[in-house]
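> Below you'll find the structure I mean.
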Amino acid sequence: MERQCNRWWSPVLLWALLIVLAAVAPVSSISRDDFPTGFVFGAGSSAYQVEGAAAEGGRTPSIWDTYAHEGRTADKRTGDVAADQYHKYKEDVKLMHDMGLDAYRFSISWSRLIPNGRGPVNPEGVQYYNNLINELKKYGIEPHVTLFHFDLPQALEDEYSGVLSPNIVEDFTAYADVCFKEFGGSVKYWVTINEPNVYSIQGYDLGNFPPNHCSSSLASFYGLNCTKGNSSVEPYVAGYNLLLSHASAASLYRKKYQPKQKGYIGITLFAPWVEPFTALPEDIAAANRVLDFLIGWFVDPIVCGRFPFVMRKLVGSRLPSFKPEESAILRGSFDFIGFNHYMEFSVQAATSNPDDNLRDWYTDVNFKIPQTNVTKALVSKDPPTIPLAPWAMQRLLDYIRDKYGNPPVFIHENGYPEYNIDPTTTEYNYHDEHRATYMRDYIESMLLSIRNGSNVRGYFAWSFVDSFELVDGYRNRYGLIGVNFSVQNRTRYRRYSGDWYSKFLKPMHIGEDIEMWM
C-alpha cells in the first residue's frame with residue numbers, strides 16, 4: 001500500500017479539500033446493510049475499568065490501582081470491583097450476543113498475566129482470558145484485544161520508571177509474546193497500545209494520569225498535583241519508548257505468529273478532530289500543528305519512520321530521534337490504525353511567544369482554545385441534548401485517508417457520557433436518547449467518509465457496560481449497558497441506546513426505526 005511520506009501539503013488547500021468533500025448530501029436513513037461486507041460493529045472496554053477482582057487470581061497492582069487508592073479520582077473511588085466483569089463475564093457475553101455485537105474490544109491486564117511485569121506467567125490470568133475469549137467465540141463474537149490500556153504494572157514503574165526507560169521495550173515485547181502464544185489461536189485482532197498520545201501527555205506533562213509527572217515550574221504555575229517530572233522532555237521520551245515498544249511487538253508478531261495465526265496488529269490513538277477557529281492562515285496553521293502533535297506524533301513514525309517535520313522543528317533536541325534501524329522497524333509496523341474519536345474542538349494561534357521556562361507539549365504546539373458553545377457544554381453540569389459535531393468524524397477520516405495513503409482504520413471508541421452522576425445513586429437511568437442520537441449521527445458521518453473512499457473496517461461504541469472512568473471514577477457513565485454500582489452483584493440493565501444499537505445491528509433498515517425510537 002502506498003504511503004504518502006514525501007508529499008508536500010498546503011494547509012490551506014488541504015482544509016479547503018476537506019470542506020468540499022464533507023459538503024455532500026447527508027444520509028437520510030441507514031442500516032448496517034449500507035456498510036461494506038465484513039464491516040465490524042462492536043463495543044469496547046478496558047481491563048482496569050471493568051474487570052474488578054483487583055487482588056484476586058494472582059493479579060498485582062497497576063499504576064492505576066496506586067493512583068485510585070491515593071484518592072486522586074473525582075469521586076475518590078477505585079476500580080477494585082468496577083463492573084466486576086471478572087466474575088460476570090458469562091452474563092456480559094450473553095448480553096453482547098443479545099445485543100447483536102459482531103465483536104468485543106477488551107484489554108488484558110498486564111499485571112494479571114505477569115504479576116511482576118516480567119518473569120513468571122500467572123496461570124490463573126491465562127485461564128481467565130482464555131475463558132473470556134472462548135465464551136465470546138462460542139457466541140460468534142470476535143475478540144479484539146488491546147495489550148496495554150494505560151495500566152502499567154506498578155512493579156515496573158517502581159523498578160525503572162516505566163515507559164521513561166528503554167527497558168520497557170524488552171519487557172513489553174516479552175509480555176506481548178506471552179499473549180500471542182497463549183491467545184493468538186483465537187484472537188485475530190491485536191492492538192499493541194491504546195492512546196499512547198494521551199498516556200504521554202497526561203502522565204508526563206500535566207500529571208493528571210499516573211505516574212503523575214510534571215515540571216515543578218508547571219505544577220506551581222498551573223496548580224498541578226505532581227511532585228516530580230520534567231514536562232519539557234518526558235512526554236517525548238515516553239512517546240518515543242512507546243513507539244519502539246509497539247514496533248518491537250508488531251515485528252515479533254509478524255515474524256513468529258502471523259504466518260500461522262493469520263491475524264492483524266495495529267495501534268490505537270486518541271483522535272479528536274481539530275478545526276481552525278477562523279479562516280486566517282495562522283489559525284489554519286495552528287490547527288494543523290495540533291493534528292501533527294497529537295495524531296502525526298504517532299502516525300508519521302509508523303507510516304514514514306520519522307516524527308512530523310513541525311515537531312522536529314519546534315521541539316528540537318528535546319525530541320528523541322530515531323536511529324536508522326528504529327525507523328526501519330517502525331515504518332509499516334501496522335495492519336490497521338485505530339482511532340478513538342469523540343468530538344471536535346476549534347483552535348486559534350497563540351498570541352504570545354512560549355515562555356522558555358515553561359516549555360511543554362502545549363507551549364510547543366502554541367495554540368489556544370477559544371470558548372465556544374461546544375467548550376461551554378463540556379464544562380457544564382448539564383449535558384447537551386444534541387450531538388456535539390458528528391461531521392467531525394467524516395472530516396477526521398477523510399484527513400487520514402488523504403494524508404496517509406488511506407490505511408485500514410477502525411473506530412475503536414466513540415461514545416457519549418452521562419455527566420456528573422451521583423456515584424452512590426441506585427436509580428436505573430434507562431433514558432439516554434441523546435446517546436442514541438449521537439451514535440446514529442456519528443455512524444452516518446462515518447458512512448459518508450466510507451462512501452468517499454476511506455478504508456474504515458469497523459466501529460466500536462464506548463462503552464459496552466458502565467465503567468470506572470479513570471480520573472472521573474463513576475461520575476460519568478458511557479455504557480450501552482447500565483450498571484448499578486451501589487449493589488454487590490453489580491446489576492446490569494440495557495439502556496435506550498443499547499436497544500437502539502441492537503435494532504441497528506439485527507440488521508434492520510432504520511428509516512422507520514428512527515421514527516419509532518427517536
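Read-outs throughout are calculated quantities, based only on the coordinates presented, and are distinct from any laboratory measurement. In this text the structure is predicted, and so the values were computed from the model without any measurement. FYI the Cβ positions are ideal-geometry reconstructions off the backbone, even for glycines, and counts take in every protein chain you see.
> Relative to the compact globular guide of 2.2 N^0.38 Å, what is the alpha carbon radius of gyration of segment 294-364, as a ratio?
1.33
> Measuring from label point to label point, each 7 Å out along Cα→Cβ, what is the residue 177 to residue 422 span in nm?
5.3
> Also, quick follow-up: Provide the net charge surrounding residue 169, with neighbours chosen by a C-beta distance below 15 Å and charges set as Lys +1, Arg +1, Asp -1, Glu -1.
Local charge sum for residue 169: -4.
> Can I ask one more? Let me have the 222 nm mean residue ellipticity of the chain computed from DSSP H runs of 4+ only, each contributing -39500 (n - 2.57), with the sum over all residues rounded to the nearest 500.
Values: 22 runs with 217 residues, N = 518.
It lands at -12000 deg cm²/dmol.
> Under a cut-off of 21 Å between alpha-carbon atoms, report the lysines in cross-link reach of residue 323, not counting same-chain residues fewer than 8 places apart.
Partners within reach: 313.
> Alpha carbons only, please: Rg and Dmax for segment 84-218, in angstrom.
Rg and Dmax of segment 84-218, Cα atoms, are 16.5, 54 Å.
> Please identify the cysteines of the chain that lack any partner cysteine with a Cβ under 4.7 Å from their own Cβ.
Cys with no partner Cβ under 4.7 Å: 179.
> Same structure, new question: Only Cα pairs under 8 Å and at least 6 apart count here; give the relative contact order of the chain as a rounded whole percent.
Relative contact order, the chain: 19 percent.
> Give, in whole angstrom and from largest to smallest, the semi-axes √(5λ) of the equivalent ellipsoid of segment 65-156, with λ running over the eigenvalues of the Cα gyration tensor.
Semi-axis lengths for segment 65-156 are 25, 18, 11 Å.
> Give me the net charge for the shell around residue 347: Cβ to Cβ below 13 angstrom, other residues only, Lys and Arg +1, Asp and Glu -1.
Spelling it out: positives minus negatives among the neighbours equals -3.
> What does the C-alpha gyration tensor say about the overall shape of segment 120-188? Classify as rounded when a/c is under 1.5, otherwise prolate if a/b is larger than b/c, or oblate.
Because a/c hits 1.5 or more and a/b exceeds b/c, segment 120-188 counts as prolate.
> Now, a different point. Could you work out the longest stretch of the chain that avoids the chymotrypsin sites (Phe, Trp or Tyr not before Pro) located in DSSP loops with at most 14 other Cβ atoms within 10 Å?
Value returned for the longest uninterrupted segment is 140-427.
> A further question on this structure: Give, as ranges by residue number, the residues of segment 295-310 whose backbone N falls under 13 Å from the point 7 Å along Cα→Cβ of residue 282.
Inside the label zone: nothing.
> Just to confirm the filter: which trypsin sites (Lys or Arg not before Pro) across segment 93-130 are DSSP coil and have at most 10 other Cβ within 10 angstrom of their Cβ? Before the final figure, lay out the partial values.
On the way: sites: 94, 105, 112, 118; in loops: 118.
Here no trypsin sites (Lys or Arg not before Pro) fit, given the DSSP loop and packing criteria.
> Continuing with the same structure: What lysines sit close enough to residue 138 to cross-link, taking a C-alpha to C-alpha distance under 19 Å and skipping anything fewer than 8 places away on the same chain?
88, 90, 94, 188, 506
> Test of understanding: express the Cα radius of gyration of segment 217-259 as a ratio to 2.2 N^0.38 Å, with N the residue count.
Working it through for segment 217-259, the quotient is 1.86.
> Dividing the Cα radius of gyration by the Kirkwood radius, what Rg/Rh value follows for the chain?
The Rg/Rh ratio comes out at 0.93.
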